[in-house]
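Participant: This is the structure, below, for whatever I ask next.
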């Protein structure tokens, strides 16, 4: 539930050239949060005793989460305008030549959340591209997480201890790689998110084959760690891309579409359909499914990248004309796939 507000805050306060690093730092929070659950629960058991296992397992972690949510609520700021400051584009003029058109379009107060979703997200091809990137990333990720332990135990005949080692590296390897990816997209790729995502998915394709065919614990662990390093990078970069293809007031709606598509379709493909493929064709059928998902993910990364470049060129074209009023070749709304723009949205 915190994803949408977090992305909106990042989009409002941080320019495009910093969003990769800021988004990466935010993105590792779920890895860190998952890692500290065991120490918190362990300490609660030590203090409360095993007879209060319900409180130690559920109430204490929930209380910690509520405490930090309250701290964020008190200290967090929604947008510069709410604090009496100019908008990000006014404070940093270079933000006028980026993908986000918040400077050109403001969310009308009389538009409902559903109207914003339909206008800026549902009709936006780039929002669908990013959502489909996430679908296939989740398919591969959940396929590995759900079936990695069973595959190692039944097919590779690893012990539970050996399986745990490979699984541990799969999860924790994501933290340094995500931070590095954020820095690379800001500095090396100049704010372009999808090229690195495509590179990561291509490497995952190779490592998936190595993980599938390897017999030694060392090689399986290495390939699992590499996949763990890389699989969270496209997911994180898709999140950052979302902030740059819709207006800031529609970021939450776009995140909602991504989340729905990812868990309803992506997680189902990686868990249920993988199991069906294994039953029908054997383990190689499941791996073929994941490899097909990787290819599809690369395809939608490419389409998303092209869409982002088109939006960027539109913004540069309008900025070069030195006017923020509608002119020939510069659409009033770059994000909606419609020529009919409500009068309330026209630029003044």
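Derivation of every value follows stated rules applied to the coordinates shown; laboratory data play no part. Note that this is a predicted model, so its numbers are computed, not measured. A quick note on method: Cβ atoms are made from the backbone with ideal geometry, for glycine too, and the neighbour counts reach across all protein chains shown.
Participant: Roughly how many nanometres apart are two label points built 7 Å out from the Cα toward the Cβ at residue 85 and residue 164?
Facilitator: Taking the simple label geometry, residue 85 and residue 164 are separated by 4.7 nm.
Participant: Another one. Jot down the radius of gyration and Dmax of the range 114-320, Cα atoms only, both in angstrom.
Facilitator: My reading of the Cα-based Rg and Dmax gives 18.1, 63 Å.
Participant: Among 125-133, 144-152, how do they line up by average Cβ neighbours within 10 Å per residue, starting with the highest?
Facilitator: For the peptides 125-133, 144-152, the packing ranking is 125-133, 144-152.
Participant: Kindly put 244, 310, 161 in sequence by how many other C-beta atoms sit within 10 Å of each C-beta, fewest to most.
Facilitator: Listed from fewest to most nearby Cβ atoms, that is 161, 310, 244.
Participant: Using 0.36 nm times the number of residues separating residue 29 and residue 209, minus their current alpha carbon distance, what extension gain do you get? Don't skip to the end; give the middle numbers.
Facilitator: Values: separation 180, 0.36 × 180 = 64.80 nm, distance 2.98 nm.
Gain in length upon complete extension: 61.8 nm.
Participant: Only counting other Cβ atoms within 10 Å, I'd like 304, 6 sorted with the fewest neighbours first.
Facilitator: 6, 304
Participant: Cut-off is 10 Å between beta-carbons; in what order do 305, 52 appear when sorted fewest neighbours first?
Facilitator: Values: 305 20, 52 14.
Lowest count first: 52, 305.
Participant: Let me ask something additional. Assuming R0 = 51 Å, can you tell me the calculated FRET efficiency for the pair residue 18 and residue 57, based on Cβ-Cβ distance, to the nearest 0.05?
Facilitator: 0.85
Participant: Using a 7 Å offset from the Cα along the Cα-to-Cβ direction at both residue 314 and residue 68, what is the distance between the two label points in nm, to one decimal?
Facilitator: 3.8
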